[in-house]
Every structure is written in structure tokens, then in C-alpha cells.
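A.B. asks: This is the structure I have questions about; it appears just below.
The values are calculated or read from the model by the stated rules, or taken from the named source; none is laboratory data. Treat the numbers as computed from the prediction; the structure is a model and nothing was measured. Methodologically, a virtual Cβ is constructed for each residue, glycine included, from the backbone with ideal geometry; neighbour enumeration extends over all protein chains shown. Ligands, DNA and RNA are excluded from the accessible area calculation, which covers all protein heavy atoms including side chains. Shrake-Rupley method; radii C 1.70, N 1.55, O 1.52, S 1.80 Å.
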Amino acid sequence: MKYLKFLVATALYVVVLLAAYVIHVKFFRVNVVFYSSIADSVIATAVTIAVISLIRWLNDFSAFEKTLLACIWLLLGYGFAISVPTVIDRSLSFYTLEKLQQRGGGIKLAAFERVYATEYMKEHRLVDVRLTEQQQSGTIVIRDGCVKLTPLGDTLATASRYFRAHFLPKERLLMGEYSSDLTNPFRASESKVDYLCN
């Protein structure tokens, strides 16, 4: 019987989570899609715990079981946040599908670099979105027209470069050939550039 109550409580959580998400994106300002979705998950968890505590049929979970339920729901909410709104918001893969659809179902292969470099950057305000996310995350600051890493940003960049170099696939399929190019994407970067800050 508790399994059924667990499933009912979890279904209630999903309904509350989706309602919280829709209300949040329709009626409130959002700084970062991922963070607002995580907040929706926390709100939905708290509301659902409160509701099941008020419904006699669902109120026979112990405090420990409610804690476990809350942990499960927070993980479900995290999975939703990162797998649905965040992926759709920032995915180049979904953009590619949407762009193909917009252009009648087909685009010449040779044109994709131009499509990504010009249309994608402009249509999705990619620079504005990414810099806003990094500012809100505390990984960069923008002062006097210069974008600078914070200590947190520097630590994350070091960790991600280490992971990229040592734990991403050395043999990854890229346009019909296996390559390790993306384990060190800076290997072909220009050494002299004119955009550095002092």
C-alpha cells in the first residue's frame, strides 16, 4: 500500500513541479533558466511535502520516509531542469533541427559554419546569454568593458580543462573520422590576439 502512496505522492509532485515551472516562466522574471528551474524543484518539493502532510491517506510516511521522498523529488527536479528547459534553451543540436525545419528541411553542408557563426549567434543572443549566466554564477565579472575570471571561475576552468584533457574520449567520431581534437581545442588557437585586457 505504501508503494501506491509513494507513486501518488510522486505524481502529485510532478504536477506541482510543472505548475510551478509554468507559473515561473509565464509570470515572473528569470535570470538563468537552469537556476530558476532548480528553484521550481525546491518549491514543488516543499509544497508537496506540505500537501501530503495534510492529506490523511498520504500522511502515514515517517519523517525519514518524507526526507527520502524529498531527496528523490529534488533529484527528479534536477533531472527535469537540466534535461528539458536547459537543454532546449542552450542546445546547438536542437537549434540545428529547428533551423533545418525553418529553412524547409534542408541546408547545404558547406553553409553550416556560416549559419552557426552568424545566424545562431544573433538569433539566440548567444554572447549575452552566456555572459549573463556566468555573471549570475559568480565565475566572471565585467568591469570597464573587460570580462575577467573570478577565483571561482578560474578554479572551474582549471577543473574543466583537466577533465577535458584526461577524461573525454580520445577517439570521438567527428564528421566520419575519429579524432582527439576536442580534448585540447586550443591547440590550434592563434597565439597573438588583439582583444586581451590589461
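A.B. asks: Identify, please: which residue in the range 112-128 is more than 22 Å from the chain's Cα centre (by Cα) and of a type in the set (A, V, I, L, M, F, W, C) and is, among those, least open to solvent (accessible area, probe 1.4 Å)?
C.D. replies: VAL115
A.B. asks: If you check every pair at least six apart or on different chains, which have Cβ atoms under 8 Å apart with a residue in the range 121-142 that is on the phi > 0 side of the Ramachandran plot first and a residue that is surrounded by 15 or more Cβ atoms within 10 Å (Cβ to Cβ) second?
C.D. replies: Filtered contacts from the range 121-142: GLY138/THR150; GLY138/GLY153.
A.B. asks: Select from the range 33-62 the residues that are of a type in the set (S, T, N, Q) and touching an Asp or Glu at 6+ places or on another chain (Cβ under 6 Å) and list them in ascending order. Can you show your working first?
C.D. replies: Taking the range 33-62 as the starting set, the residues that turn out to be of a type in the set (S, T, N, Q) are 36-37, 41, 45, 48, 53, 59, 62.
Those that are of a type in the set (S, T, N, Q) and touching an Asp or Glu at 6+ places or on another chain (Cβ under 6 Å): none in the range 33-62.
A.B. asks: Please determine whether any residue of the range 156-166 is within 19 Å of ARG130 (Cα to Cα), open to solvent by 100 Å² or more (accessible area, probe 1.4 Å) and not small (Gly, Ala, Ser).
C.D. replies: Scanning the range 156-166 turns up at least one residue that is within 19 Å of ARG130 (Cα to Cα), open to solvent by 100 Å² or more (accessible area, probe 1.4 Å) and not small (Gly, Ala, Ser).
A.B. asks: Residue check: is GLY176 over 26 Å from the mean Cα position of the chain (by Cα), at pLDDT 95 or above, open to solvent by less than 90 Å² (accessible area, probe 1.4 Å) and not acidic (Asp, Glu)? Before the answer, list the steps.
C.D. replies: Values: over 26 Å from the mean Cα position of the chain (by Cα): yes; at pLDDT 95 or above: no; open to solvent by less than 90 Å² (accessible area, probe 1.4 Å): yes; not acidic (Asp, Glu): yes.
The answer is no for GLY176.
A.B. asks: When only residues in the range 26-59 that are in contact (Cβ under 8 Å) with a residue 40 or more places away in the chain and farther than 29 Å from GLN134 by Cβ count, which is farthest from the chain's Cα centre (by Cα)? Reasoning before the result, please.
C.D. replies: To start, the set of residues in the range 26-59 that are in contact (Cβ under 8 Å) with a residue 40 or more places away in the chain comprises 31-35, 37-38, 40-41, 52, 57-58.
Retained after the next criterion (residues that are farther than 29 Å from GLN134 by Cβ): 52, 57-58.
Numbers: ILE52: 30, TRP57: 37, LEU58: 33 Å.
It comes out as TRP57.
A.B. asks: Out of everything in the range 29-54 that is more than 22 Å from LEU126 (Cα to Cα) and open to solvent by 70 Å² or more (accessible area, probe 1.4 Å), what residue ends up being modelled with the lowest pLDDT?
C.D. replies: Checked the range 29-54; the qualifying residue modelled with the lowest pLDDT is LEU54.
A.B. asks: Whether any residue in the range 73-82 is free of Cβ contacts under 8 Å to residues at least 12 places away in the same chain and farther than 18 Å from LEU126 by Cβ is what I want to check. Full working, then the answer.
C.D. replies: First, the residues of the range 73-82 that are free of Cβ contacts under 8 Å to residues at least 12 places away in the same chain: 75, 79.
Among the residues that remain, those that are also farther than 18 Å from LEU126 by Cβ are: 75, 79.
Yes: one or more hits.
A.B. asks: Residues in the range 67-95 that are open to solvent by 50 Å² or more (accessible area, probe 1.4 Å) and within 12 Å of ASP40 (Cα to Cα): how many?
C.D. replies: 3
A.B. asks: While we're here: Go through LEU100, LEU109, LEU131 for me and flag whichever is within 30 Å of SER41 (Cβ to Cβ) and surrounded by fewer than 15 Cβ atoms within 10 Å (Cβ to Cβ). Please lay out each step first, then the result.
C.D. replies: On the way: LEU100 fails: within 30 Å of SER41 (Cβ to Cβ); LEU109 fails: within 30 Å of SER41 (Cβ to Cβ).
Answer to the selection: LEU131.
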